[in-house]
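Student: Quick one: this structure, given as structure tokens, is what I'll be asking you about.
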Amino acid sequence: MPATLPLAARTSAIAGALAGVLGMLDWRDHLRYEPGICDLVLGDPQEMPLPGFVSSLTRHTQPLNKDWFAYKRSESEARETVATSLREWRGLPFEPTDIALTPGAFGALAVAFRALLDPGDEVVYSLPPWFLYEPMLLSADAVPVKVRVRPEDNDLDLDAIRSAIGPRTRAVIVNTPNNPTGRIYPPATLRALAALLTDASARWGRPIWLISDEPYSRLVFSDAEFHSPSEFYPYTVISYSYGKVLLTPGERVGWLAISPAIPGREQLRQAIEVCQIAAGWLFPSAVLQYAIGDLERLSIDMADLERKRDWVVAELTAAGYQLRSPEGTFYLWVRSPESDDTAFSRRLAERQVLVLPGTICQAPGYFRVSLTADNEMIDRALPVFRAAVAEVTGTVG
């Protein structure tokens, strides 16, 4: 008998990229249900779901015909709803066939990677990133190429991106509003990125794809403005999830949209559907697709989220933490007062406050706080943050 099972060689690389994430999830799951825990790790709901979401799913669960729960691809009514919304929102002439319904942005990215990338193709993205880009790219046999954002303002480092692009570069991922920093990339940055990619595409003799990951694009605070990279660069595909704006990450529904500016995009439409089927039927459930018209009109309370942002930013700043107020998302990206962010996260956890260590996002020395907590949880967490930074900096009274 073989000493080890004959698993795919890529599995070891994926497991290595996921090791920190899985360890964090196991650690969190071990603690999150203890009484008094303040769980600020992920963008999970800490309050009951929106009544409109529940009533929509309840209504659409009632079958209207024998095929109600049959196999579904991208339902025509759902595609029309999304295309209409995008035309109004983005000012681009999206057609229903430009929309592929997917199991959240996660599923949209998985489909995009398989439709656009060949084995060995390089994909450039910025650090700190959403922590699952690397394992997903490795799963698609692509090569992650990482650059850092500008430390002074968390904006894209265009010079670093330019230097990272070479003959094997097939795509660049841009996540705006950004998880974990909360940065929304301004039009000047996106316009310059588009020019950079246009020049690089001409130099290397094929278009470089821009994969615009936008699951937080409706979570924009009143002092900021969102622009999609698709406004500036034609070879763009957009991933989106309803799980963020509705705080329902366990209900996997989103979409992948093809920019109407892509020449001959019918070929890409077909490729995306082929990849959805071949990768394991990457379509949302029938009920979630029926509900899209309702979901487009729903949102968590952005005014309340902004109040929480301002409250917690002010409290952490007054306590001595260094952070920038986010322009979007529901996260705060905070410099750890202790150089070992994992140790500092454990220090907080000992006092029943759980945060995401920046090391998980390949950014040691930081940690991320989720603002999806309720007011009572934030009230309990703030004294812990104050005490922890005072201990580390030696200012305990």
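The values are calculated or read from the model by the stated rules, or taken from the named source; none is laboratory data. Just so it is clear, the structure is predicted and the values come from calculations on it, not from any experiment. Note: ideal-geometry Cβ built from the backbone for every residue, glycine included; neighbour counts use all protein chains shown.
Student: Go through ARG10, ARG32 for me and flag whichever is touching a residue at least 24 places away in the same chain (Cβ under 8 Å), closer than 28 Å to PRO144 by Cα and either among the charged types (D, E, K, R) or surrounded by fewer than 16 Cβ atoms within 10 Å (Cβ to Cβ) (or both).
Tutor: ARG10
Student: Hey, another quick one. If you go through the range 336-352 one residue at a time, do you hit one that is at pLDDT 95 or above, under 30 Å from GLU225 (Cβ atoms) and touching a Pro at 6+ places or on another chain (Cβ under 6 Å)?
Tutor: no
Student: For the range 132-151: of the residues being within 19 Å of THR359 (Cα to Cα) and either assigned to a strand (DSSP E or B) or among the charged types (D, E, K, R) (or both), which is nearest to the chain's Cα centre (by Cα)?
Tutor: Checking each candidate, the answer is GLU134.
Student: Look at the range 77-99 and say how many of its residues are touching a Phe, Trp or Tyr at 6+ places or on another chain (Cβ under 6 Å) and in contact (Cβ under 8 Å) with a residue 12 or more places away in the chain.
Tutor: 4
Student: In this structure, does ALA70 turn out to be touching a strand residue (DSSP E or B) at 6+ places or on another chain (Cβ under 8 Å), at pLDDT 95 or above, of a type outside the set (Val, Ile, Thr) and under 19 Å from PRO103 (Cβ atoms)? Break it down stepwise before answering.
Tutor: On the way: touching a strand residue (DSSP E or B) at 6+ places or on another chain (Cβ under 8 Å): no; at pLDDT 95 or above: yes; of a type outside the set (Val, Ile, Thr): yes; under 19 Å from PRO103 (Cβ atoms): yes.
Spelling it out, it is not the case that ALA70 is touching a strand residue (DSSP E or B) at 6+ places or on another chain (Cβ under 8 Å), at pLDDT 95 or above, of a type outside the set (Val, Ile, Thr) and under 19 Å from PRO103 (Cβ atoms).
Student: Could I ask something else about it? Could you grab the pairs with beta carbons closer than 9 Å, sequence gap of 6+ or different chains, first residue in the range 360-375 and under 14 Å from ALA343 (Cα atoms) and part of a strand (DSSP E or B), second one among the basic types (Lys, Arg) and at pLDDT 95 or above?
Tutor: That search, which allows pairs on different chains as well, returns TYR366/ARG335; PHE367/ARG335.
Student: Mind listing just one residue for me: the one in the range 232-278 that is aromatic (Phe, Trp, Tyr) and closer than 20 Å to ILE292 by Cβ and, of those, farthest from the chain's Cα centre (by Cα)? Full working, then the answer.
Tutor: So the first thing to find is which residues in the range 232-278 are aromatic (Phe, Trp, Tyr), and the list is 232-233, 235, 240, 242, 255.
Still in the list and also closer than 20 Å to ILE292 by Cβ: 240, 242, 255.
Details: TYR240: 8, TYR242: 11, TRP255: 13 Å.
Checked the range 232-278; the qualifying residue farthest from the chain's Cα centre (by Cα) is TRP255.
Student: Kindly provide the set of residues from the range 47-68 that are part of a loop (DSSP other than H, G, I, E, B) and exposed (fewer than 12 other Cβ atoms within 10 Å of the Cβ), ordered by number.
Tutor: MET48, GLN62, PRO63, LEU64, ASN65, LYS66, ASP67
Student: Check whether at least one residue in the range 118-131 is part of a helix (DSSP H, G or I) and not β-branched (Val, Ile, Thr), and report yes or no.
Tutor: No: the range 118-131 contains no residue that is part of a helix (DSSP H, G or I) and not β-branched (Val, Ile, Thr).
Student: Restricting to the range 299-338, count the residues that are surrounded by fewer than 18 Cβ atoms within 10 Å (Cβ to Cβ) and in a loop (DSSP other than H, G, I, E, B).
Tutor: Of the residues in the range 299-338, 5 are surrounded by fewer than 18 Cβ atoms within 10 Å (Cβ to Cβ) and in a loop (DSSP other than H, G, I, E, B).
Student: Here's another thing I want to ask about it. Among the listed residues VAL111, VAL21, identify the single one that is within 20 Å of PRO215 (Cβ to Cβ), in the same structural domain as ALA286 (by TED's automatic domain parsing) and part of a helix (DSSP H, G or I).
Tutor: On the way: VAL21 fails: in the same structural domain as ALA286 (by TED's automatic domain parsing).
One residue alone meets the criteria, VAL111.
Student: OK, next. Does ALA105 count as closer than 20 Å to ASP294 by Cβ, assigned by TED's automatic domain parsing to the domain that holds TYR290, in contact (Cβ under 8 Å) with a residue 12 or more places away in the chain and of a type in the set (Gly, Ala, Ser)?
Tutor: Taking the combined requirement at face value, the residue satisfies it.
Student: Inspect the range 194-201 for any residue being part of a loop (DSSP other than H, G, I, E, B), hydroxyl-bearing (Ser, Thr, Tyr) and over 30 Å from GLU251 (Cα atoms) and give the result as yes or no.
Tutor: no
Student: From the residues in the range 377-389 that are in contact (Cβ under 8 Å) with a residue 12 or more places away in the chain and either over 22 Å from VAL41 (Cα atoms) or not aliphatic (A, V, I, L, M) (or both), which one is surrounded by the most Cβ atoms within 10 Å (Cβ to Cβ)?
Tutor: My answer is PHE385.
Student: Then there's this: For residues that are part of a strand (DSSP E or B) and crowded, with 21+ Cβ neighbours inside 10 Å, tally how many sit in the range 212-265.
Tutor: Count: 13.
Student: Right, SER212: farther than 15 Å from ALA261 by Cβ, in contact (Cβ under 8 Å) with a residue 24 or more places away in the chain and among the polar types (S, T, N, Q) or not?
Tutor: Numbers: farther than 15 Å from ALA261 by Cβ: no; in contact (Cβ under 8 Å) with a residue 24 or more places away in the chain: yes; among the polar types (S, T, N, Q): yes.
For SER212, the condition - farther than 15 Å from ALA261 by Cβ, in contact (Cβ under 8 Å) with a residue 24 or more places away in the chain and among the polar types (S, T, N, Q) - is not met.
Student: Quick check on GLU88: is it modelled with pLDDT under 95, under 24 Å from GLY293 (Cα atoms) and surrounded by fewer than 16 Cβ atoms within 10 Å (Cβ to Cβ)? Before the answer, list the steps.
Tutor: Numbers: modelled with pLDDT under 95: yes; under 24 Å from GLY293 (Cα atoms): yes; surrounded by fewer than 16 Cβ atoms within 10 Å (Cβ to Cβ): yes.
Spelling it out, GLU88 is indeed modelled with pLDDT under 95, under 24 Å from GLY293 (Cα atoms) and surrounded by fewer than 16 Cβ atoms within 10 Å (Cβ to Cβ).
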